[in-house]
Structures are given as structure tokens and as C-alpha cells.
1. Hey, which lysines would be in cross-link range of LYS118, C-alpha to C-alpha under 26 Å, not counting anything within fewer than 8 residues on its own chain?
2. Report, largest value first, the span of the C-alpha coordinates of the stretch 4-145 along each principal axis, in whole Å.
3. How much mean residue ellipticity at 222 nm does the chain get from its helices, if each DSSP H run of length 4 or more adds -39500 (n - 2.57) and you divide by all residues, to the nearest 500 deg cm²/dmol?
4. If you find the alpha carbon centre of the stretch 8-77 and of the stretch 84-101, how far apart are they in angstrom?
5. With springs only between Cα atoms under 10 Å apart, run a GNM on the chain and tell me which of ALA55, ALA75, ALA105 wobbles the most.
6. If you keep only loop residues by DSSP, which chymotrypsin sites (Phe, Trp or Tyr not before Pro) in the stretch 1-79 have at most 13 other Cβ atoms within 10 Å of their Cβ?
7. Enumerate by residue number the trypsin sites (Lys or Arg not before Pro) in the stretch 84-141 meeting two conditions: DSSP loop (anything except H, G, I, E, B), and at most 12 other Cβ atoms within 10 Å of the site's Cβ.
8. Using only Cα atoms, find the angle between the long axis of helix 4-23 and the longest principal axis of the chain, and express it within 0 to 90 degrees, rounded to the nearest 10.
Amino acid sequence: MIAASDIFNAILALEYRYARLLDDDRLEEWPDLFVERGVYKVIPRENWHREPKLAILFCDSRAMMIDRIRSLRTANIYNLHYPRHIVTNVEVLGARGDEYDVAAAYTVYQTDLEGQTKLFSVGQYLDVITFSEGEPLFREKVAICDTFNIPNLLAIPL
């Protein structure tokens, strides 16, 4: 039996690792934080309260995430920048066996190549985290943006 504090610390480490990989441009490692059939969605808060909850970005498998990163690296043109993810207020909302419902607040800043830093997105993560062989992985990560108005192309995951 894993102690509750150990579970929380492992969940916290996963949330921080997620942010660090994106900030360090280690996008190829990002899908490894998810189970094979993991889901990643970005949904504006306006859509979160509607049915269907239309996502502006949706991946329903690790393979789809890998394809997205490959496309970013080879085909897409987007504003080059340095992102900085701040993850706070991590809370375990519930548990079912080895799965945990987790909420966290996020803020993403972008610094462009001219050195201008701007707020890019603010919102919350609603995650389902599962432990596979003692290792936490995302089964589902939903980024709920506080606004539909994202100032630039959403290329890199939130």
C-alpha cells in the first residue's frame, strides 16, 4: 500500500514534469507522460459548460500526440517563443482504485524572440492520473482555458 503523501508527491512531480518538458522544448517526451490511450484536450471555459464540450485541441492517444509534435517540428509555422508554465493549487479531488481525479491551476506566459513576455493563457487542469507499475501517468488531461480568446496560434500544449 502506497502512503497518501507518497501518492500526492508523485502526482505533484508528474504535474511539474509536464510543465518542465513543455518549457524546455522537450516536446517529444511529452506523450510519454500519458497512458497509451491517453486523452489530451484544450477546452475554453465557455464550451466547458455546454454540451457537447467542444475542444479546440483534442488528442485521444499517445500516437496522436506524437503525430502532433512531429507536425509541429516539420510542417507547422507558428510564432517562435519560449513558454513558461506555472502550475499551482494541485488538489486530489477523488480516487477510484489506482486512479485519481486531480485539479490544478495553470498560467502560461510566452516570451518572443524580441524578449517581450506576455500572458498567453490562464485556466485549470482537470486530470485523471493512474498509477501503472507505481509510476503516475495521465489517463486524461483537460486544460480548461479561462477564455476562448487565445492571442496566438495554439501550437504547443498548454
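1. By straight Cα distance, LYS118 reaches LYS41, LYS141.
2. 47, 31, 29
3. Result for the chain: -7500 deg cm²/dmol, rounded to the nearest 500.
4. Result: 15 Å between the Cα centres.
5. Taking springs between Cα atoms under 10 Å, the residue moving most is ALA75.
6. Passing both the DSSP loop test and the Cβ count: TYR78.
7. none
8. Once rounded, the angle reads 20 degrees.
Each value in this text was obtained by applying a stated rule to the coordinates, not by laboratory testing. Because the structure is predicted, anything quoted here is derived from the model rather than measured. A quick note on method: Cβ atoms are made from the backbone with ideal geometry, for glycine too, and the neighbour counts reach across all protein chains shown.
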